[in-house]
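Structure first, then comments.
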Amino acid sequence: MTGGVVIVGTGIAGMTAAQTLRDNGFGGPVTVIGSEPEDPYRRTALSKDLLRADLSADRIRLRPSAFWTEKNIEVCCGVMASDLDTAGRLVGLSDGRTLPYDALILATGGRAASAEPMAGVPTLRTRSDAQRIRESIADTGRVSVVGGGLIGLEIAASAAAAGYPVDVVERAHRVMERVVPEIVSEVIAELHSERGVVLRCGARVASADAAGLTLSGGARLDGPVVAALGLRPDVTLAVAAGIEVAAAGIATDDHLRTSADGVYAAGDVAAPPHPRTGRPARTENWMSATKQGMAAALSVSADLAGGSAPAYREVPLAWTIHYGVNFQIAGWPASGTRYEIDGSLAERDAVVRCFDDRQLVGAVAIGRPRAGRTAREEMTAELTRLTV
């Protein structure tokens with residue numbers, strides 16, 4: 001072994017991979033490369049309470065710097081991986097260095113998506129983004145959020161809870177359409193409407209800038225605008241190196257290996273086989289990124305040692321909180337063709353179980369966090385039974 005393991009990306013997937021390598025006895029060099037200039041931090045804090053949370057570096061960092069030093073993990077912040085030679089197993093860095101590797105984990109995450117009318121509109125991806133958005137809302141006393149998905153609604157909830165007028169512009173006909181069934185969208189919409197948030201579903205943006213936006217019908221919304229249009233996986237390095245990339249992200253097998261020998265992918269950029277369809281699929285949430293970081297590290301350790309590691313077949317579980325109401329989203333509830341309700345949606349105390357024919361494919365637990373985890377365990381057991 002000469003180069004050890006190099007990890008590109010200091011998000012939760014990359015840092016979890018580094019820690020897992022050490023926790024499982026890997027003794028070679030471990031180097032993590034990150035483009036942001038500060039220590040690795042928890043991105044979930046940025047949207048879940050944008051207006052009131054303490055977003056100082058010390059408060060939201062993943063671990064104290066000494067933790068990584070004690071684990072003998074070299075964390076290189078403010079440096080980009082600019083070149084990748086998979087044949088020679090070399091990573092070129094923006095500071096002029098070249099790192100050899102025995103195994104490489106691409107955990108490059110993604111960039112906030114944008115659209116032509118939204119060019120130049122602030123997006124929320126980094127701590128500095130969050131600080132600028134917070135200041136602009138405080139200065140003007142209101143905000144318009146373009147995008148009624150998970151992140152957009154968390155920003156809206158945080159701003160409304162802090163007392164600011166909020167408009168949410170969503171081109172789909174309901175909020176969180178890609179993630180939850182319609183009855184859950186209705187619960188979420190009611191929560192926001194009760195707090196004064198104006199939901200403009202089925203609306204399109206004609207033009208926008210940092211000072212406001214104009215809808216296709218001519219209505220003008222003044223004040224700061226935040227674009228929350230989702231995430232685009234950062235596959236730049238992989239594409240330049242000739243690694244196979246699918247529409248969803250970097251294609252991997254069920255051990256998170258890419259098409260290049262010795263190169264793995266994890267987190268928001270990775271597209272392992274979907275547990276139900278087998279097609280490349282990407283999952284954008286903190287818990288899945290954590291699980292993939294662990295799985296990639298275990299695959300690396302096993303492959304370098306000539307052993308074997310468990311396949312990665314994870315049923316995703318994401319969570320969000322709106323005005324104190326906890327939503328646990330397990331599996332793929334929007335893909336269900338029918339659903340069953342246990343509890344009361346009106347009282348925000350229910351579990352919506354979603355089925356494709358007779359198979360449970362997803363669930364949304366509202367006000368019942370433990371029920372979301374239970375549903376995921378049930379789906380995981382069924383997938384295990386089907387693949388054994």
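The values are calculated or read from the model by the stated rules, or taken from the named source; none is laboratory data. Please read all numbers here as calculations on a predicted model, not as lab measurements. When we count neighbours, we look across all protein chains shown, and the Cβ atoms used for this are built from the backbone with ideal geometry, even at glycine. Surface areas here come from the heavy atoms of the whole protein model, side chains and all, with no ligands, DNA or RNA. Shrake-Rupley method; radii C 1.70, N 1.55, O 1.52, S 1.80 Å.
Whenever a residue of the stretch 370-383 is farther than 14 Å from PRO275 by Cα, its partners that are at pLDDT 95 or above, lying with C-beta atoms within less than 6 angstrom and at least six residues away or across chains, give the pairs ALA371/VAL351; ALA371/ALA365; GLY372/GLN328; GLY372/ALA330; GLY372/ALA365; ALA375/ALA330; ALA375/ALA363.
VAL325: surrounded by fewer than 17 Cβ atoms within 10 Å (Cβ to Cβ), closer than 30 Å to GLU190 by Cα and hydrophobic (A, V, I, L, M, F, W, C), yes or no? Yes.
The stretch 198-279 holds strands (runs of 3 or more DSSP E) entirely within its bounds, and those carrying 3 or more residues that are open to solvent by less than 50 Å² (accessible area, probe 1.4 Å) map to 212-215, 225-227, 263-265.
Within the stretch 328-359, the only residue that satisfies the criterion of being among the hydroxyl-bearing types (Ser, Thr, Tyr), surrounded by 13 or more Cβ atoms within 10 Å (Cβ to Cβ) and more than 23 Å from ASN285 (Cα to Cα) is TYR339. Looking across the stretch 1-20 at every residue that is under 24 Å from SER82 (Cβ atoms) and over 19 Å from the mean Cα position of the chain (by Cα), the one that is modelled with the lowest pLDDT is identified as THR2. Report yes if GLY141 is within 16 Å of GLY230 (Cα to Cα), of a type outside the set (Ser, Thr, Tyr) and open to solvent by less than 40 Å² (accessible area, probe 1.4 Å), otherwise no. No: the conditions fail for GLY141. The listed residues are SER344, SER308, and the only one of them that is among the hydroxyl-bearing types (Ser, Thr, Tyr), at pLDDT 95 or above and over 21 Å from the mean Cα position of the chain (by Cα) turns out to be SER344.
Of all residues assigned to the stretch 282-290, none qualifies as being at positive phi, open to solvent by 10 Å² or more (accessible area, probe 1.4 Å), outside any helix (DSSP H, G or I) and in contact (Cβ under 8 Å) with a residue 24 or more places away in the chain. For the stretch 111-138, name all the residues that are among the small types (Gly, Ala, Ser), within 20 Å of ARG282 (Cα to Cα) and either open to solvent by 50 Å² or more (accessible area, probe 1.4 Å) or at pLDDT 90 or above (or both). SER114, the sole residue that qualifies.
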